[in-house]
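Here is the structure we will look at, set down as structure tokens.
The values are calculated or read from the model by the stated rules, or taken from the named source; none is laboratory data. Being a predicted model, the structure only gives us computed values, none of them experimental. Every residue, glycine as well, gets a Cβ built from its backbone with ideal geometry; the counts of neighbours run over all protein chains shown. Accessible surface areas use protein heavy atoms only, side chains included; no ligands, DNA or RNA. Shrake-Rupley method; radii C 1.70, N 1.55, O 1.52, S 1.80 Å.
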Amino acid sequence: MTVEAQKETLGFQTEVKQLLHLMIHSLYSNKEIFLRELISNASDAEDKLRFAALKDDSLYEGDSELKIRLAYDEKNNTITLTDNGIGMSREDVIQNLGTIARSGTAEFLTQLTGDEKKDSKLIGQFGVGFYSAFIVADRVEVFTRKASAPKEEGVRWESAADGEFTVETVTREARGTEIVLHLKKTEKEFANGFRLRGLVKKYSDHISFPVVMQKEAQEEGEGGDELETINDATALWTLPRNEVKDDDYKSFYKHIAHDFEDPLSWSHNKVEGKLEYTSLLYLPARAPFDMYNREAPRGLKLYIQRVFIMDHAEQFLPLYLRFVKGVIDSNDLSLNVSREILQNDSTVESIKTALTKRVLDMLDKLAKKEPEKYQGFWKEFGTVLKEGPAEDFSNREKIAKLLRFASTHTGEPDHTVSLDDYIGRMKDGQKKIFFIAADSHAAAKSSPHLEVFRKKGIEVLIMSDRIDEWMMGYLSEYDGKQFQDVARGQLDLGDVETEEDKKQQEEATKAHKDLLERIKASLADQVEEVRVTNRLTDSPACLVVGDFDMGAQMRKIMEAAGQKVPDSKPIFEINVEHPLVQRLEKETSDERFGELAAVLFDQASLSSGQQLKDPGAYVARLNRLLLELSH
Ligand code: ADP
Ligand code: MG
């Protein structure tokens, strides 16, 4: 006997211990999902074996009839699930049933609160997998042997979820994995044929492999040893649409996505012609905890001619649609594709183009038909979709149609509008779609840049997501209308601005020429230009970004990322109607003029959400002015 064969007791990785503890306590009302998870794993293991056997069919060891066997024992209160799939080596067992490999897990676990309802949702987003066995069992045994390994290299794993597990090498004839659940006393209901049948029908009807169970004896002597297939066992996506019920689509989604919640929507299509493939795409209701983790697995389950090839084939959808789950089954790809081949394959590229369109159409339909559900989608995945215009230039109009924005029209940050809504409300003579970008909704709403829009009753879209200004760099127009940042360039309100408004501004510029020059001289190297504003009604001054300069929000993001940003000076616009500006114009002392101009400039920076270069100097200046007041 080798040393390895000896029984070894190992501790679970800390994250597993935490997850086990939380899961057992918070998933009580979802406890029946354990069976779905274990059958899912068994089905994955069969898939993996079939794939490996494409290259080496000796792996079948003479048994190529892949199936999953479910048995129960009422007397001993156990359930046993057996597959003849790929199986696990001793190392696999220690790795797979003792740790969690997903990055970000520890961080995720800190978000759990102990509140059963909240936690069960979060854990649902995480996906529970194998460990869910412990919701109903107080002891679990696993017997397994990897396909092609000698029978002396079987492994037995056991744990009572008390922080430790044991592994030992055992002799095992059968290839694949057998899991024995020693049910808790309170979970006797599951050691029952009728109950198990019901669960398999409910959760695992349309997995690709048969689940067989012993026929219950009807009468003494009947049934007995006879096995019976208790699920439909045809892969769901291979069925014609009209033969699949909504509930089937939903439970299949849970099987592939490891989600507790129903999907928001799905799209099932069989394509024939130059390319032949079937796709089944789902929109989840909730974002996974690691959606912004670059390494997090994403992509579709890839099948080729019904044979499972790989999980997380990410080449079939663009990154900005990474929340989509589903299956792609192609007839055109070769069975021995690899991830590398997928990357440069023109068939894959064509499928990707078609699937992208499908997802965008599915979203469009959802937005039109079920706006409330779409709102839910937007809340979860909106910021991901915003990556779209940059990544997928050719679909940018379609993506733009799906975007939602806060707006001065609704007031509430959560109450968003579409670009079509906006266009429907545009004023007569208004030619552009106006938006304001700021660090927060509140900062945007109180920005002086909105004053003239308020006066004229023109709607402005409010963008306060970090990604917004960057995204707008890739969206120059929608429906033939240009986007215009209200803090950028000369403000052109189109025909909403009357001839009179324009004349007034021209005359003011002439009349206050000296003032403008004096301010420019005083602020010297801080401003590009000083001019009379048409933006303000209540504030004395504001800053404007030059047409081709980088916006303030973008600048901050780049600087935070340690990037060098090109230097550019703002344009300083002043409101000559404002008493403070009029006071400034009358100032004869150059020194005091300089002080006042500097204060106005710093205030304008502050209300644009910028940090002052020299906050101390601003405070000192302001205090000098305040002291004068009290004299
Ligand atoms: P997931 O299925 O999401 O990877 P699980 O917790 O369900 O997570 O399973 C962990 C791992 O354990 C699987 O990825 C697989 O490698 C292994 N595993 C679980 N059940 C089986 C099985 N029946 N046969 C072979 N391997 C299995
Ligand atoms: Mg699993």
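Rounded, prolate or oblate, given the Cα gyration tensor of segment 405-496, with a/c below 1.5 counting as rounded? Rounded is the answer for segment 405-496, as its axis ratio a/c remains below 1.5. Within the chain, the proportion of Cα pairs with more than 49 Å between them is 33 percent. In the chain, Cα pairs under 8 Å separated by at least six residues give a relative contact order of 9 percent.
Less than 5 angstrom separates the built amide H of Ser407 from those of Ile462, all sequence-distant by 5 or more or on a different chain. Counting only residues at least eight positions apart within a chain, or on another chain, the aspartates and glutamates with an alpha carbon under 20 Å from that of Lys55 are Asp44, Glu46, Asp47, Asp63, Glu65, Asp311, Asp329, Asp332, Glu340. Treating each Cα of segment 237-371 as an identical point scatterer and summing with the Debye formula, the log10 of I(q)/I(0) at q = 0.22 Å⁻¹ comes to -1.58. Amide H contacts under 5 Å for Ile304: Ile309, Ser330, restricted to partners 5 or more places along the chain or on a different chain, H placed in the peptide plane at 1.01 Å from N.
Label segment 453-531 by shape, choosing from rounded, prolate and oblate, from the square roots a ≥ b ≥ c of the eigenvalues of the Cα gyration tensor; if a/c is under 1.5 it is rounded, and otherwise prolate applies when a/b is larger than b/c, oblate when it is not. It comes out oblate by the Cα gyration axes.
Run lengths n ≥ 4 of DSSP H only: what is the helix-derived mean residue ellipticity at 222 nm for the chain, with -39500 (n - 2.57) per run over all residues, to the nearest 500? Please list the in-between numbers first.
On the way: 23 runs with 240 residues, N = 631.
Only helices count here, giving -11500 deg cm²/dmol.
3J(HN,Hα) couplings calculated from phi for segment 348-355 with the Karplus curve 6.51 cos²θ - 1.76 cosθ + 1.60 (θ = phi - 60°) are, in sequence order, 4, 4, 5, 5, 4, 4, 5, 5 Hz; Gly and Pro show x.
Placing +1 on the Cβ of every Lys and Arg and -1 on the Cβ of every Asp and Glu, with no other charges, gives segment 237-371 a dipole of roughly 240 debye about its Cα centre. Of interest is the spacing of the C-alpha centroids, which for segment 357-429 and segment 28-88 amounts to 43 Å. Between amide H atoms placed 1.01 Å from N, distances below 5 Å from Glu164 occur with Phe12, all of them 5 or more places distant or on a separate chain.
Could you tell me the calculated FRET efficiency between Lys7 and Glu507, based on Cβ-Cβ distance and R0 = 60 angstrom, to the nearest 0.05? E between Lys7 and Glu507, to the nearest 0.05, is 0.05.
If R0 is 41 Å, the Cβ-Cβ spacing of Ser630 and Glu15 corresponds to a FRET efficiency of close to 0.10. Most simply put, the chain has about 80% antiparallel DSSP beta bridges, counting only bridges with both residues inside it. The residues of the chain expose on average 49 square angstrom of accessible surface per residue, using a 1.4 Å probe on protein heavy atoms.
Across segment 190-203, computed HN-Hα scalar couplings (Karplus, 6.51 cos²θ - 1.76 cosθ + 1.60, θ = phi - 60°) run 7, 7, 8, x, 5, 4, 5, 3, x, 5, 5, 4, 5, 10 Hz from first to last residue, x flagging Gly and Pro.
Using the Karplus relation 6.51 cos²θ - 1.76 cosθ + 1.60 with θ = phi - 60°, the per-residue 3J(HN,Hα) values for segment 259-272 come to 10, 8, 8, 5, x, 6, 6, 8, 9, 10, 9, 10, 10, 10 Hz, with x marking Gly and Pro. Extension gain, Glu397 to Asp538, is 47.1 nm, computed as 0.36 nm per intervening residue step minus the present C-alpha separation.
Fully extending the segment from Lys117 to Thr588 would add 162.7 nm, taking 0.36 nm per residue of separation and subtracting the current Cα-Cα distance. Were the residues from Asp248 through Arg195 laid out at 0.36 nm apart, the gain over their Cα-Cα distance would be 17.2 nm. Label reach from Lys365 (point 7 Å along Cα→C-beta): in segment 241-271, amide nitrogens under 20 Å belong to 241-254, 262-271.
Put a dot 7 Å past the Cα of Asp428, heading toward its Cβ, do the same for Ser29, and the two dots end up 5.6 nm apart.
In terms of packing, defined here as the mean over residues of other Cβ atoms within 10 angstrom, the peptides 205-213, 524-532, 143-151 line up highest first as 205-213, 143-151, 524-532. Note on segment 405-496: antiparallel DSSP beta bridges, both residues inside, total approximately 45 percent of the bridges counted. Computed in the context of the full set of protein chains, the accessible area of the chain at 1.4 Å probe radius has 48% of its extent on carbon or sulfur.
Here the simple spin-label model places points 7 Å from the Cα toward Cβ, and for Glu412 and Gln490 these points are separated by 4.1 nm. Between the beta carbons of Gln563 and Ser440, assuming R0 = 22 Å, the FRET efficiency works out to 0.45 to the nearest 0.05. Label-to-label distance for Lys456 and Val271 is 4.5 nm, based on points extended 7 Å past Cα in the beta-carbon direction.
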